[in-house]
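Since the structure comes first, as structure tokens, the remarks are kept for the end.
The values are calculated or read from the model by the stated rules, or taken from the named source; none is laboratory data. What you are looking at is a predicted structure, and each value in this text was computed from that prediction instead of being measured. Reconstructed Cβ throughout: ideal geometry from the backbone, glycine too, with neighbour counts over all protein chains shown. Calculation scope for accessible area: heavy atoms of the full protein, side chains included, ligands and nucleic acids excluded. Shrake-Rupley method; radii C 1.70, N 1.55, O 1.52, S 1.80 Å.
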Amino acid sequence: MAKIGPKVKYQTARLQLLKCLSSVDLRDSAPLPLSTQILLSARWFCSVSCGASRSGTESLFLTRFAATPSHTMLRAVAGRVGSLLLRRSTAAPVGVRMSSHPQDVVEATDMSRPMYSDRLDTPLPDRPYKMDLTPEQMTLKQKEKGPWGQLSKEEKIALYRLKFNQTYAEMKQPSSEWKTVMGCIFIFFGLTGLVVWWQSIYVYPARPRTFDKEWQAKQLKRMLDMRVNPVEGFSAKWDYEKGKWK
């Protein structure tokens, strides 16, 4: 069955309102009937909330309706009913959307309840590792209340695993994660070196001639010939008579 859109419903209600209003005399100064005032209240709410256009007949009746003593209460009632219907219509799609996508809802963990955790500094967690026990485990827990000499080694280990998830030896056992970390570091260094090498060949400009050793030797000789800072500076450390550094 095809769904009727809100626009079609609105047009149908509007035609019914115009039929009711056509039987009322505009020149009559008597108060409008209560049923007509209720219809006008609904029409006023629709025109304000939806921004719909009004015909000439509806405009005249809305003017008459504004002059009646009971228009304030009726408009308040109509506005209240309209707001409730609007909330319901907007909340329904949200509920349908949430029910149609249950995988998006994540259950929050209640942090006020005791939680289990394997930590070296906490030998006794707040609660046991397993809370929902099977019938065999319940029988083993009842047997635990008796003498421990009657328990076998496997039963003692099973009781320990009900209380704890890992032993201290398992928690202290080193992992091979450092290999992954070092491998990622070396890969990063290698890629960075390749980028720097590529930039030095294709991106950076040519090396200036002032970095050549011959150029630097000629520059040093020129500074000594010009006696740069002869008192306490550069030239003061050169022996001009012997031709070497002091």
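Below, the figures for the structure above:
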{"item": "Single unsatisfied condition, residue 190 versus (1) in contact with an Asp or Glu (Cβ under 9 Å, 6 or more places away or on another chain); (2) open to solvent by less than 90 Å² (accessible area, probe 1.4 Å); (3) of a type outside the set (A, V, I, L, M)", "result": "(1)"}
{"item": "Residue match in the stretch 220-237 (condition: in a loop (DSSP other than H, G, I, E, B), out of contact with any Phe, Trp or Tyr (no Cβ under 6 Å at 6 or more places or on another chain) and on the phi > 0 side of the Ramachandran plot)", "result": "yes"}
{"item": "Test: residue in the stretch 68-85 that is open to solvent by less than 50 Å² (accessible area, probe 1.4 Å), modelled with pLDDT of 90 or more and outside any helix (DSSP H, G or I)", "result": "no"}
{"item": "Sole exception among (1) in contact (Cβ under 8 Å) with a residue 24 or more places away in the chain; (2) open to solvent by less than 70 Å² (accessible area, probe 1.4 Å); (3) part of a helix (DSSP H, G or I) for residue 161, by number", "result": "(2)"}
{"item": "Matching option when the condition is at pLDDT below 90, basic (Lys, Arg), surrounded by 10 or more Cβ atoms within 10 Å (Cβ to Cβ) and at negative phi, among 97, 88", "result": "97"}
{"item": "Single condition residue 206 does not satisfy, out of (1) surrounded by 10 or more Cβ atoms within 10 Å (Cβ to Cβ); (2) modelled with pLDDT under 90", "result": "(1)"}
{"item": "Residues (polar (S, T, N, Q) and open to solvent by less than 90 Å² (accessible area, probe 1.4 Å)) located in the stretch 140-158", "result": "152"}
{"item": "Yes/no for residue 169 being in contact (Cβ under 8 Å) with a residue 12 or more places away in the chain, under 43 Å from the mean Cα position of the chain (by Cα) and in a helix (DSSP H, G or I)", "result": "no"}
{"item": "Hey, residue 121 exposed (fewer than 10 other Cβ atoms within 10 Å of the Cβ) and at pLDDT below 90 or not", "result": "no"}
